[in-house]
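Undergrad: Quick one: this structure, given as structure tokens, is what I'll be asking you about.
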């Protein structure tokens, strides 16, 4: 029987990620020095998640590239979070991110039409307008709760616009994504403690919304992604009702939460590193590409993804067996000293920056990476221009979760300014 590593804190424990950043970074540094790929105990999640003997924790940048690219041996089809969810979760949470080719490739090809350069240009106006309206809503106050008032507002709006979801449903969508990704955090758990029912209901609510929107778009001439899919001329270019619903759940969860958390972490990093903020402010457009990439690297909004071993194989000098679970901790790979000089330093000019904030290389690389970069850049352009002295106040209230490296609350202050006309 393989022995678990008990010398290091288990990165899969949700409480671990609520610690101060310097404490987390010190543990990650120990992983790289002592156990870059090792066998750990799978924590208890809940009574409805079947336990397993353990999991491989992968922290090296090079090893994650190997696992990400070798999809025949390292499968996504058995789940992308560590716990094995019960079968009833499949209806809402079995999107293409939890599939292998050829089914994954087919679904990705269909939905990729929403992320073409032409489609992103079509969304640009809405991104700029959204950023302007968000700053207008807070600029006279002199303070705000940055996560809800700013960071969450833009990606929520853009993802819904992409799918043709009306603005009246924004909060409905936001509340349910919080439940899905924050289920390990007491703030998002139901009073009765029935986590499985809460997750299933949140998934069902989003699926029903997508079903209603898809029905309304049928036969229309809309240019949103839902309209393009339901009105595709070829059968092979359409998604089933179930696949469309599960893709929507993936998009609002991945597209909303990850961009939101990168934006929120960005303000904290810029506040804590005024020298880096000054460099960016001095040449916003010139520095923006590397600054945004560095925000995503340090934030690492998705902490890890799981794969399952389909046959015995050696990886990173360790012998893995068929059926083993493998957790690729992107947040640790993004601090790998073999790849990044001064990996714990926030450097807006870092180049090259082969960060894994959008996942590792291979067929599952984040489809919305370019859209996320555009949103983060546009939001910070608006903030730097109109609220140039905005800063985070105090420490962020962190999400108690191992899958998402999230910020629940972050207070901000700035000199009040007048709203800008449309």
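The values are calculated or read from the model by the stated rules, or taken from the named source; none is laboratory data. Because the structure is a prediction, the values reported are computed rather than measured. Note that each Cβ is placed from the backbone with ideal geometry, even for glycine, and that neighbours are counted across all protein chains shown.
Undergrad: When you scan region 56-149 for helices (runs of 4 or more DSSP H) that lie fully inside it, which ones turn up with 3 or more residues that are within 25 Å of residue 300 (Cβ to Cβ) and in contact with a strand residue (DSSP E or B) (Cβ under 9 Å, 6 or more places away or on another chain)?
TA: On the way: elements: 61-69, 90-93, 103-111, 117-138.
The helices (runs of 4 or more DSSP H) meeting that bar are 61-69.
Undergrad: Working carefully through the options 158, 179, 183, find the one that is buried (at least 17 other Cβ atoms within 10 Å of the Cβ) and not in a helix (DSSP H, G or I).
TA: The conditions single out 183.
Conditions (1) at pLDDT 90 or above; (2) surrounded by 15 or more Cβ atoms within 10 Å (Cβ to Cβ); (3) within 20 Å of the chain's Cα centre (by Cα), marked per residue:
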site: 85; (1), (2), (3): no, yes, yes
site: 93; (1), (2), (3): no, yes, yes
site: 105; (1), (2), (3): yes, no, no
site: 163; (1), (2), (3): yes, yes, yes
site: 167; (1), (2), (3): yes, no, no
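Undergrad: Could you please let me know if residue 266 is in a helix (DSSP H, G or I), under 19 Å from the mean Cα position of the chain (by Cα) and under 17 Å from residue 80 (Cβ atoms)?
TA: The answer is no for residue 266.
Undergrad: Only one of these is touching a helix residue (DSSP H, G or I) at 6+ places or on another chain (Cβ under 6 Å), within 29 Å of residue 231 (Cβ to Cβ) and surrounded by fewer than 18 Cβ atoms within 10 Å (Cβ to Cβ): 130, 114, 126. Name it.
TA: 126
Undergrad: Among the candidates 363, 352, single out the residue that is surrounded by fewer than 20 Cβ atoms within 10 Å (Cβ to Cβ) and either out of contact with any helix residue (DSSP H, G or I) (no Cβ under 9 Å at 6 or more places or on another chain) or under 30 Å from residue 276 (Cα atoms) (or both).
TA: 352
Undergrad: When region 203-217 is examined, which residues are found to be surrounded by 20 or more Cβ atoms within 10 Å (Cβ to Cβ) and free of Cβ contacts under 8 Å to residues at least 60 places away in the same chain? Steps first, answer last, please.
TA: Let us first name the residues in region 203-217 that are surrounded by 20 or more Cβ atoms within 10 Å (Cβ to Cβ), namely 203, 206, 209-210, 213-214, 217.
Scanning region 203-217 gives 209, 210, 213, 214, 217.
Undergrad: Of all residues in region 325-359, count the ones that are part of a loop (DSSP other than H, G, I, E, B) and farther than 20 Å from residue 97 by Cβ.
TA: Counting residues in region 325-359 that are part of a loop (DSSP other than H, G, I, E, B) and farther than 20 Å from residue 97 by Cβ gives 20.
Undergrad: Let me ask you something else. I'd like the full set of residues that are closer than 14 Å to residue 10 by Cα, in a helix (DSSP H, G or I) and free of Cβ contacts under 8 Å to residues at least 24 places away in the same chain, limited to region 22-50.
TA: 23, 24, 26, 27, 30
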